[in-house]
């Protein structure tokens with residue numbers, strides 16, 4: 001039996017797109033998943049100072065525009081942190097007001113670079129600035145693994161939703177409900193249920 005689902009179904013987030021794109025473990029970061037630091041989703045949140053630290057450290061290496069800075073932070077954090085324009089551009093403006101950053105023309109486009117004062121600031125405060133895109137490293141790795149598993153689960157739900165019998169759909173619903181309850185028990189601080197133990201009612 002074949003079943004039709006609307007675009008509102010949760011597993012359809014991972015379905016093939018009309019334009020040929022597809023959401024899944026490899027594609028979720030570019031669609032807004034995994035932007036835990038500064039963008040919502042998995043991973044630790046960035047403090048305002050973390051964004052500033054990341055910006056001045058990257059600008060010490062070479063001039064970059066705002067989009068390039070966001071891309072580079074995302075790349076160095078393994079896709080777990082891509083700060084939003086709403087956090088990057090105000091931070092750049094503040095750094096410029098403080099005399100640490102200035103703008104230059106690069107390939108005909110506006111880019112940001114450190115001033116001499118900004119370079120002195122980075123050099124004197126390097127230890128305090130740290131490596132902001134590695135903040136919460138072990139949590140970031142765990143979030144990435146959880147992200148992959150959740151994508152695989154969604155793909156399985158999509159497949160059974162499209163071709164499962166009514167009995168299979170009902171059984172799948174119970175499995176998903178049990179998983180949801182187990183996750184809430186983890187958030188509440190309960191011990192995880194041992195493998196093979198019957199599910200407890202939430």
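The values are calculated or read from the model by the stated rules, or taken from the named source; none is laboratory data. The model shown is predicted, which means the values in this text are computed figures rather than measured ones. Reconstructed Cβ throughout: ideal geometry from the backbone, glycine too, with neighbour counts over all protein chains shown.
Numbers below:
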quantity	calculated
Tally, over region 59-68, of residues that are out of contact with any strand residue (DSSP E or B) (no Cβ under 6 Å at 6 or more places or on another chain), assigned to a helix (DSSP H, G or I) and over 13 Å from residue 103 (Cβ atoms)	3
Residue in region 75-82 that is modelled with pLDDT under 50 and within 18 Å of residue 148 (Cβ to Cβ) present	no
Sole exception among (1) free of Cβ contacts under 8 Å to residues at least 12 places away in the same chain; (2) crowded, with 16+ Cβ neighbours inside 10 Å for residue 167, by number	(2)
All positions within region 115-125 that are under 29 Å from the mean Cα position of the chain (by Cα) and either more than 24 Å from residue 104 (Cα to Cα) or outside any helix (DSSP H, G or I) (or both)	125
Subset of region 81-95 [free of Cβ contacts under 8 Å to residues at least 12 places away in the same chain and closer than 20 Å to residue 117 by Cα]	90, 93
